[in-house]
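Chemist: Submitted below is the structure of interest, expressed as structure tokens.
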Amino acid sequence: MMQKFQKFGAAMFVPVLLFSFAGIVVAIGSLFTNQAVFGSLTNQGTTWNSIWDTVTAGGWTVFKQEALLFVVGLPIGLANKAKGRAAMESLITYMTYNYFIGAILTHWGASFGIPNFTKIQLIENSTNHGLTEIAGIKTLDTSMIGALVVAGIVIWLHNHYFDKKLPEWLGTFQGSTYVYILGFFVMIPLAFITCWGWPKVQLGISGMQHFILNSGVIGVWIYNFLNRVLIPTGLHHLVYIPFQYGPAVVAGGLQPWWLKHLTQFALSTKPLKQLAPAMGFQLWGNEKIFLAPVICLAFYVTAKKDKKKQTSALLIPAALTSFFAGITEPIDFTYLFAAPVLWIIYSVLAATMNTVMFCFGVVGNFIFGSIDMAAENWIPLWANHWQTYLVQFAIGLIFAAITFFIFKFMIEKFDYATPGREADSEDVHLLNKKEYQAKKAKQQAQTSGNAVESDPYITRATAFLDLLGGSANITELSSCATRLRVSVKDPTKMGSDDQFKEAKAINVVHHGKAIQVIVGLDVAQVLEAMQELMKNDLN
């Protein structure tokens, strides 16, 4: 079950990767159309306003079509084969589902509590009686939940029936067409169930919003703690996505809501916490710029003298990536499994720091790195809210110092094998079977021709593939932002963690037959190279 949740979390990450850039574009557009900064240039009808309004409109694409992104993105991560076709099947089935809902409510809307379905005009920034428009289809606003349900159904149908052989006279209906036919008939009862149950779900969501918004400091701490501590399991995606992009707190998600109101907040002199109290759930990027870099510093300070240069080469790029881009996994997985106690401490410190910031009035869309934070918070809002950001920086620096000294003390006190403190290389000894295979794979990777020598992705892919026991030992292979996610038939055929590290893996996570190889930000290229090698092995 845990393996399935991990795969689901990784698949959810496929469309989420697009939101960071889109958010920056919208934020920049909001900045350059901000009257407080650019004055009369931003007046309606000016060339300046028209240009930046056009750019902003493009940035909103990701947020306004997020349901479609999840419908297409989930099959890319979860389909066992023909992922492109699975994405197409999912998209057309989801549109069919919404057409069914629209038709049902048109004919029998009164029976489902929406008597004036055809007469309701959809207005931007309005609840619209729980309705929305998706790809030109007027339907119930099931947000990403409906998208994920439909995509999950289609993925199951695709994995079970895409390869089903039909009689010759029905051959034209095989493959994607057969999956869509099955999905078509499944969507009819699902649409009726949605029309009956979703309005009730919307009432429940409203109640949940009320509970969360009134849970205060405790709710903010729990949310931030879970969002950090669950990263090793991949389940953190299930924590933040409903808040950030779904309806858990506000319709459409907190990030789009913040961007829509950014200009309004910039012009107001009221405290940000008074204007946007729910944005206390969007503070979990602060640990990425305040805490993660000083954790790297603690690792460097406590590293062995003869390994400091090697350690700094590993940690400096990781710290900069965290600080500027808000991606912490290259840091997280350098110590997560060597010293899990430090991970718990880090999660507690991060949640506490964010909660203290919230108590002192710091709110905003602080979820990525400093570049994104500057574009969506500091630059457009500085004129009227600079005091809030000085408080943020002060609290962040205080917790950075606390984190550094705690990590340094714990590492030295308990001799944790953090980066730069690993055991020295073992003496020369006779090789066992795994070691022999690993060294042979390494030699093959080094001597397998100019193409391999000139392509570091193929080199690592070859080594990883052999260390995983070869193509025949792999049943599933996918990736998330920095990790290869692999299911193997026999874990005993794998190489050791040290051998993976020799092949330039950051670390390896073992959950029975479910394996995660921590590769880094270029995991997509390594995955593609491994898939090509596996295809060649089958031919």
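Chemist: Hey, which of the helices (runs of 4 or more DSSP H) in region 277-350, taking only ones fully inside, have at least 1 residues that are modelled with pLDDT of 90 or more, crowded, with 17+ Cβ neighbours inside 10 Å and β-branched (Val, Ile, Thr)?
Modeler: Qualifying helices (runs of 4 or more DSSP H): 286-290, 292-302.
Chemist: Scan region 54-73 and tell me whether some residue there is free of Cβ contacts under 8 Å to residues at least 12 places away in the same chain, in contact with a helix residue (DSSP H, G or I) (Cβ under 7 Å, 6 or more places away or on another chain) and surrounded by 15 or more Cβ atoms within 10 Å (Cβ to Cβ).
Modeler: no
Chemist: With surrounded by fewer than 16 Cβ atoms within 10 Å (Cβ to Cβ), closer than 27 Å to Ile114 by Cα, in the same structural domain as Gly84 (by TED's automatic domain parsing) and not polar (S, T, N, Q) as the only criterion, which of Phe173, Phe184 stands out?
Modeler: Answer to the check: Phe184.
Chemist: While we're here: Is it true that some residue in region 146-167 is in contact with a Phe, Trp or Tyr (Cβ under 8 Å, 6 or more places away or on another chain), closer than 18 Å to Leu69 by Cβ and not hydrophobic (A, V, I, L, M, F, W, C)?
Modeler: yes
Chemist: Select from region 94-150 the residues that are touching a Cys at 6+ places or on another chain (Cβ under 9 Å) and among the hydroxyl-bearing types (Ser, Thr, Tyr) and list them in ascending order.
Modeler: Ser111
Chemist: Here are Phe358, Phe409, Phe404, Phe414: which of them is modelled with pLDDT under 95 and of a type outside the set (A, V, I, L, M)? Outline the logic, then answer.
Modeler: Values: Phe358 fails: modelled with pLDDT under 95; Phe409 fails: modelled with pLDDT under 95; Phe404 fails: modelled with pLDDT under 95.
Exactly one of Phe358, Phe409, Phe404, Phe414 is modelled with pLDDT under 95 and of a type outside the set (A, V, I, L, M), namely Phe414.
Chemist: Here's something else I'd like to know. For Ala248, state whether it is more than 30 Å from Trp386 (Cβ to Cβ) and part of a loop (DSSP other than H, G, I, E, B).
Modeler: Numbers: more than 30 Å from Trp386 (Cβ to Cβ): yes; part of a loop (DSSP other than H, G, I, E, B): yes.
Against the criterion (more than 30 Å from Trp386 (Cβ to Cβ) and part of a loop (DSSP other than H, G, I, E, B)), Ala248 qualifies.
Chemist: Residue by residue through region 483-500, note down the ones that are in a helix (DSSP H, G or I) and more than 19 Å from Gln525 (Cβ to Cβ).
Modeler: Listed by number, the residues that qualify are Pro491, Thr492, Lys493, Asp497, Asp498, Gln499.
Chemist: Considering Glu453, Glu422, Glu426, Glu476, which residue is modelled with pLDDT of 50 or more, of a type in the set (Asp, Glu), over 30 Å from Asn286 (Cα atoms) and not assigned by TED's automatic domain parsing to the domain that holds Leu342?
Modeler: None of the other options fit; the residue is Glu476.
The values are calculated or read from the model by the stated rules, or taken from the named source; none is laboratory data. Since the model is a prediction, treat every value here as computed from it, not as a measurement. In this analysis, Cβ positions are derived from the backbone assuming ideal geometry, glycine residues included, and neighbour counts consider all displayed protein chains.
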